[in-house]
Amino acid sequence: MSGTKNVSVFKDNSIGLNSTGFFANVANENGRKKLADKMLKLFQNLPDLESLVVSKLSERGIHKGGSVVVMVVNSGEIDLFANFACSCRESGVAMTNMLVFCGSADIVPLVEAMGALAIYHEPSFAYVSKMANYEYLDNVFVDMMWFKSFSVWLLLKLGYNTLFQDVDLVWFKNPLDLFLNVGVQPGQSNQKNMLIDERLLAQIQSNDDVAYLDEGESTSRLRFTHPKEVDAFLSDDGQRSLRYTPFYANSGFYFLFANNRTEYFAWTIMTSFALLHITGSHQNIFTIRLIEGLDLSQLRPKLLTLRQFPSGVKYNHDKPFMRGILDRHEEPYLFHMCWTRNKTGKLENFRLSHMWYLNDYATEQLESFYLGEEQHRSILKEVVYSGGESSKKSKTKKTLNSWDYVGNKICREIV
């Protein structure tokens with residue numbers, strides 16, 4: 001046909017699929033230069049950054065071998081983080097083991113006033129815009145992916161079990177209670193494990209949801225044939241396109257036990273940042289390196305069900321389930337409001353789902369916090385700092401109010 005571009009597509013007739021879900025291009029020189037610039041800044045200042053992280057966590061009694069919830073945020077998405085914090089408050093989940101890598105210094109007091117630990121280390125952190133991303137995969141989105149990559153590698157390198165999550169989540173109960181108590185029990189039958197492996201294999205071959213066994217199956221039995229402990233818990237994105245096969249794992253919520261295999265897995269993702277400029281998505285790289293890690297390093301993941309760890313696919317395609325959360329006959333651990341084009345969609349979906357935990361005052365203040373103007377940051381004087389925010393000329397150290405106080409000022413009334 002005249003004017004039609006010819007596209008060569010490899011087809012494997014044995015499975016009835018083609019390769020259009022994968023990426024034919026490779027990273028280019030421009031992407032490698034951007035990676036080199038970020039890596040140079042990070043590694044020139046890595047000892048200082050490591051000392052800062054260890055010192056921060058030690059303040060909360062968290063040491064090597066402990067577990068840390070890691071997030072990254074810039075000024076443009078601080079309202080989403082605050083919504084998460086208020087969901088934890090309403091659910092009775094402490095934020096003492098949560099570490100947030102901040103894109104700029106101005107949001108550090110906000111994060112710490114909400115009970116979490118905040119890190120901003122200008123010498124080692126790459127620049128990122130203060131604005132929220134305009135749409136999925138734009139430049140701001142891609143820049144924040146670097147923070148997602150190096151933060152996880154850093155925590156695993158230092159020996160901390162790491163639960164990474166995006167800030168567009170709300171918690172109903174603490175998932176660490178599950179992850180830290182599900183593992184290999186001495187004396188379990190290898191035969192039983194092999195039977196479950198065969199069922200997983202059958203599901204893959206039949207194109208069923210690989211993340212699911214029977215809903216009644218004990219979570220502790222969702223395991224592979226390896227006799228040792230699990231390395232990772234992966235959440236289900238809900239997407240079933242070819243490029244996310246075979247696990248459909250979402251890179252916005254996953255847990256890694258600290259060991260050589262997971263540190264290497266995180267390293268391969270971080271050092272693939274040049275490829276991110278081609279694929280446009282951290283999740284694509286996550287999938288590519290996950291498949292590689294299963295082979296090269298014998299990485300051992302477990303896959304979480306959408307019923308216990310639901311994502312935006314449930315919001316878009318399962319309204320009865322969403323009503324079930326509201327009616328409380330569905331009791332998931334959390335909800336991840338992905339499957340949106342930008343932050344505007346997340347805010348709207350959270351509100352329509354009754355998962356927006358900020359009051360009107362905090363919503364107005366934090367949605368515009370990135371503008372940097374005084375009227376958009378009165379929350380610092382009125383809520384965050386005790387006795388009001390000190391002037392720049394004052395030598396008096398500013399004191400943050402407690403999360404109990406701040407939470408009462410910014411969160412909705414607990415229902």
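The values are calculated or read from the model by the stated rules, or taken from the named source; none is laboratory data. Note that this is a predicted model, so its numbers are computed, not measured. No Cβ is skipped: glycine too gets one built from the backbone with ideal geometry, and neighbour counts run over all protein chains shown. Please note that ligands, DNA and RNA were not included when accessible areas were found on the heavy atoms of the full protein model with its side chains. Shrake-Rupley method; radii C 1.70, N 1.55, O 1.52, S 1.80 Å.
When you count, for each residue, the other Cβ atoms within 10 Å and take the mean per peptide, how do 324-335, 62-73 rank with the highest first? It would help to have the intermediate numbers written out before the result.
Numbers: 324-335: 15.6, 62-73: 19.2.
Going from most to least packed, we get 62-73, 324-335.
Ligands, DNA and RNA excluded, the heavy atoms of D37 present near 80 Å² of accessible surface to a 1.4 Å solvent probe.
Can you flag which of K56/K343; K41/K157; K41/K148 are past 23 Å Cα-Cα?
On the way: K56/K343 30 Å; K41/K157 18 Å; K41/K148 16 Å.
Listed pairs above 23 Å: K56/K343.
Going down the table (K130/K173; K319/K346; K173/K346), which pairs top 28 Å between alpha carbons?
On the way: K130/K173 30 Å; K319/K346 16 Å; K173/K346 21 Å.
Among K130/K173; K319/K346; K173/K346, the Cα-Cα distance tops 28 Å for K130/K173.
The base-10 log of I(q)/I(0) for the range 264-309, evaluated at q = 0.14, 0.28, 0.31, 0.32 Å⁻¹, reads -0.39, -0.97, -1.06, -1.09 [Debye formula, identical scatterers on Cα atoms, solvent excluded]. For the range 288-342, the direction-averaged projected area of the alpha-carbon convex hull comes to 5.2 nm². For the range 264-374, the solvent-accessible area of protein heavy atoms averages 43 Å² per residue (probe radius 1.4 Å; ligands and nucleic acids excluded). Expressed as a whole percentage, what fraction of the accessible surface of the range 293-365 belongs to carbon and sulfur atoms when a 1.4 Å probe is rolled over the protein heavy atoms? Taking all protein chains in place, the range 293-365 shows 48 percent carbon and sulfur surface.
Set the Förster distance to 25 Å, then compute FRET efficiency between T271 and S241 from the Cβ-Cβ distance, nearest 0.05. Each step should come with its number before you reach the end.
On the way: r = 25 Å, r/R0 = 1.01.
Using R0 = 25 Å, I get an efficiency of 0.50.
Between amide H atoms placed 1.01 Å from N, distances below 5 Å from L163 occur with V68, V69, V70, L256, all of them 5 or more places distant or on a separate chain.
Computed with every protein chain present, the accessible area of W267 is close to 90 Å² [probe 1.4 Å].
Taking all protein chains into account, the per residue accessible area for the range 38-183 stands at 32 Å² (1.4 Å probe).
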